[in-house]
Each structure stands twice: as C-alpha cells, then as structure tokens.
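Engineer: This is the structure, below, for whatever I ask next.
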Amino acid sequence: MLIIKKKLFKPLQKKRKEKVKSVNVHSKWKIIRILLTASYLMVGWIFFTVNLAPFSLFLGLTLSFAVAFFTYDLFIEKEEAARRSLLPRIYLLILYPLVLLTKVYLASFKMIIPVISGQSNPRVVHFRTRLKSELARVVLANSITLTPGTLTLDLDNDHLIVHWLDAKTIHSHYAARLIKGHFESWLKRIWM
C-alpha cells in the first residue's frame, strides 16, 4: 500500500518542483531587470545632476529603484533580459564616439564636391542590419543620420530606410556596406 502511494504522489511532487523552479527563474529575471533599469537610471541621475554628494547619490539611488520597480517592464522586455546586449563593453563604448567623429569628419570632406557642384545623386535605399540589440540598432540609425550625406528615414526591427545624397549604387547589399561602414562592426562588438 505504501509503495502505491509513493508512485501516485511522485508525479505530483515533480510538477510542484518544476513549478517552484519556473517561479524562481521568473523572479530571478524580474530582479535582474529591476537592477539593470535602476543602474541605467542611476547613471542618468549622476550624468544630469553632476553632483556626487552623499545625499544626492542616496536620493538618486532611492528614486532610481522606486522608478525601476514600477517601470522595469517598459525599459527591458522579457526576451531582452536574457541577452547580454543590455550590458555593453564599456571600453569600446568609450572609443565609439571617436570612431563616429572620425567618420563624420571624413564624410564631410567627401560631400563638399557633390554639394558645391550640384552633381549629387540622391536615392532612398533599403537594407538590413545584423545587430540583435534594439539599442545597438538605434545607435546605428543615429550614427548614419549624423554622417553627412545620409539620413535614416525609418528603422523597423532590422530594416533601415536611408536617404543617401550621393548614391553610388542602388544595390542594397553594396549600399549597406558603404553606408553602415564600420559602424555595424563596432556596434556588434560593443553590444554582443
């Protein structure tokens, strides 16, 4: 009789353990999402207040966690929490503005002749990006917009629509290589 009871209750015990395990994983990711949101908000607090006084830091930390607790779902989606794309490589992120400024500077010289002579060849080109992180895609779109001669018109998931003032081609793969340049490879290394 005792053996029969053990066999009957074993599947129920297994289901309970699986349920507890899934709840623990769910709450673990919820805590990680709250911590990530709070850390991003705290960096923003320090950046905008430019005040490292203990009271200011305490107030910023308190408000960051309060806001993060109620709004973490808006900042970090469930699918994105498991990716490492939320934590960029800081040393590459610090170098990226230098790369961007160099490309903007070089592109400005390339655009002088077509603009002055009026021999531009404007086109709207469509291409895709291989970046997985939503934040990396937005940075790519903004980098393309900041570069003279290109303007990002739309970003829809991994699809970009760009106005190119002096188009060299209408082929999407070649246009993507020319427009994205090194931006995409840098951003891929920053946000894995």
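Engineer: What list of ³J(HN,Hα) couplings, whole Hz, do you get for region 37-48 from phi and the Karplus terms 6.51, -1.76, 1.60, once you set θ to phi - 60° and write x for glycine and proline?
Structural biologist: 4, 5, 5, 5, 5, 5, 4, x, 4, 5, 4, 7
Engineer: How large is ³J(HN,Hα) for each residue in region 100-108, as worked out from phi by the Karplus curve 6.51 cos²θ - 1.76 cosθ + 1.60 (θ = phi - 60°), to whole Hz, x for Gly and Pro?
Structural biologist: 4, 4, 4, 5, 5, 4, 5, 5, 5
Engineer: Can you list the HN-Hα couplings for region 162-173, worked out from phi with the Karplus curve (6.51, -1.76, 1.60; θ = phi - 60°), rounded to whole Hz and with x for Gly and Pro?
Structural biologist: 10, 8, 10, 5, 10, 5, 8, 7, 10, 5, 5, 5
Engineer: Give me the dipole magnitude in Debye, nearest 20, for region 90-190 about the Cα centre, with unit charges on the beta carbon: positive for Lys and Arg, negative for Asp and Glu.
Structural biologist: Taking the Cα centre of region 90-190 as origin, the dipole is about 320 debye.
Engineer: Same structure, new question: Classify region 90-190 from the C-alpha gyration tensor, please: rounded if a/c falls under 1.5, else prolate or oblate depending on whether a/b exceeds b/c.
Structural biologist: Values: a/c = 2.37, a/b = 1.35, b/c = 1.76.
Because a/c hits 1.5 or more and a/b fails to exceed b/c, region 90-190 counts as oblate.
Engineer: By how many nm would the segment from LYS30 to HIS171 grow when fully extended, if each residue of separation counts as 0.36 nm and the alpha-carbon distance is taken off?
Structural biologist: Numbers: separation 141, 0.36 × 141 = 50.76 nm, distance 4.39 nm.
Result: 46.4 nm gained on full extension.
Throughout, read-outs are computed from the coordinates displayed, never taken from laboratory work. The structure displayed is predicted, hence computed values, not measured ones. For neighbour counting, all protein chains shown are included, and Cβ atoms are generated from backbone atoms with ideal geometry for every residue, glycine included.
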